[in-house]
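Asker: Mind having a look at this structure? Questions to follow.
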Amino acid sequence: MGEAKRRAQTALSALTQTVGVEVPNGRLQVRWDSASAATPFGQMAFFLEFLHLTGLYERWQRACPFTYTGPHGSRREDILGTWVLSLLAGHRRYAHMNAIRFDGVMPELLGMQRVVAEDTVRRFLKAIDETAGRNWLQSHLDACGQPLLSAPWILDVDVTVKPLYGHQEGGVMGYNPHKPGRPSHTYHTYQVAGLRLVLGVDVEAGNQSHSNTTLPGLLRLIDRVPVEQRPYCVRGDAGFGNDAVMTGLEERTIPYLLKLRATKNVKRFVEQVFWCHGWTPAGDGFEGREGELALSGWRKARRVIVLRRQLKGEVVLSDESPQLARGFLEADDATGRYEYFVLVTSLPHEIRTVAQLYRDRADSENTFDELKNQWGWGGFTTQDLKRCRFNAIAVALV
């Protein structure tokens, strides 16, 4: 009698821990089993329920600009479903799709008949017209992000490098600090700060890493957003502190917060203000001082803020010669050693607020790192640049 009660209690406990989920092929029950091995698809059912109830996935499939019409072609739903499952699994190569070829659960939950081969996905993406394909993916990326832009938000822009190993279109040598001399692609990315939500990405050749290449995409993104939903300000690192970027934003009355490169004239300005009075606390051990600067090539003088922080302890000096010499710099407490950087901004805020706004940009670097090293931006490379662009936008969308 006691065993019967225990079985009934076990069954009741399992029933109360079961969660109902609505997926494209119907309703299913999800139950946690703490004694079983973990699986990367353990929580996939909940994400598929989100896609199903919102209608995002169905609308994305129906809007695809290409489909097979012959009797022997694979179903569009199976091809796109294979693509999505592969991206959700964190795959970085087309060949990795073979890992889900014989999954008997996830394809059915997504309304698929089967998982197609990797070459089928390659050929399908190759057959899509580039302009139509990018408009298709970008329109759905906009549909996911733009409803959130009614609240004040900050737009972070950045350029990241993807090294290439082979013969790819656009794979040329450019700025590549980690692997000098290695061909690469450049990813020009625009994201909502704090939400880790990418609004757009442009994949260009390896030698197109300058902000002048980023600027057209940035302005297109801003122009297609209604005026009342445009960003509170645009943030960027030292690559974006130039007149072309600032002028483009000023023409659209968009404030900006950008870092300046340590050029000769910028260093001269730092020397002029370094020993002046008026430095104010800027948080995190920094102190700041503002002024106006008109660099050569700028159309007008702009507000700049110099931030500095005193270094403590000993400093190691590095000699970049082949001998790799190292030396220690020892100084008494009367000698000040500072790290510094210079910001240019059109924001009206005080120095402490501006400094904190720029320090908050560090979180966007984490997003780029995750997208590149964990979510496929570092892979899915094909000989043509078109499919690399499709995959980059698809990763941002998924």
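Values quoted throughout were computed directly from the atomic coordinates according to the rules given, and no laboratory measurement underlies them. Predicted model only: the values in this text are computed from it and were never measured. We place every Cβ from the backbone using ideal geometry, glycine too, and count neighbours over all the protein chains shown.
Asker: Every residue in region 242-300 that is surrounded by 12 or more Cβ atoms within 10 Å (Cβ to Cβ), small (Gly, Ala, Ser) and under 22 Å from Thr214 (Cα atoms), please.
Answerer: Scanning region 242-300 gives Ala244, Gly248, Ala262.
Asker: Evaluate the following for Val203: is it within 19 Å of the chain's Cα centre (by Cα) and either within 25 Å of Gln356 (Cα to Cα) or part of a loop (DSSP other than H, G, I, E, B) (or both)?
Answerer: no
Asker: Being on the phi > 0 side of the Ramachandran plot and of a type in the set (D, E, K, R) is the filter here, so list the residues in region 255-285 that pass it. Steps first, answer last, please.
Answerer: Taking region 255-285 and keeping what is on the phi > 0 side of the Ramachandran plot, we get 278, 283-285.
Answer for region 255-285, where residues must be on the phi > 0 side of the Ramachandran plot and of a type in the set (D, E, K, R): just Asp284.
Asker: Does region 142-154 contain at least one residue that is farther than 24 Å from Thr367 by Cα, of a type in the set (D, E, K, R) and out of contact with any Lys or Arg (no Cβ under 6 Å at 6 or more places or on another chain)?
Answerer: Taking region 142-154 as the starting set, the residues that turn out to be farther than 24 Å from Thr367 by Cα are none.
Taking every residue of region 142-154 in turn, none turns out to be farther than 24 Å from Thr367 by Cα, of a type in the set (D, E, K, R) and out of contact with any Lys or Arg (no Cβ under 6 Å at 6 or more places or on another chain).
Asker: So which residues in region 144-168 are farther than 19 Å from Gln383 by Cβ and surrounded by fewer than 14 Cβ atoms within 10 Å (Cβ to Cβ)?
Answerer: Of everything in region 144-168, those that are farther than 19 Å from Gln383 by Cβ and surrounded by fewer than 14 Cβ atoms within 10 Å (Cβ to Cβ) turn out to be Pro147, Leu148, Ser150, Ala151, Pro152.
Asker: Only one residue in Met173, Met106, Met112 is free of Cβ contacts under 8 Å to residues at least 60 places away in the same chain and buried (at least 18 other Cβ atoms within 10 Å of the Cβ), so which one is that?
Answerer: Numbers: Met173 fails: buried (at least 18 other Cβ atoms within 10 Å of the Cβ); Met106 fails: free of Cβ contacts under 8 Å to residues at least 60 places away in the same chain.
After ruling out the rest, the residue left standing is Met112.
Asker: Here is a further query. Among the numbered conditions (1) β-branched (Val, Ile, Thr); (2) within 19 Å of the chain's Cα centre (by Cα); (3) part of a helix (DSSP H, G or I), tell me where Val159 comes up short.
Answerer: So Val159 meets the others, but not (3).
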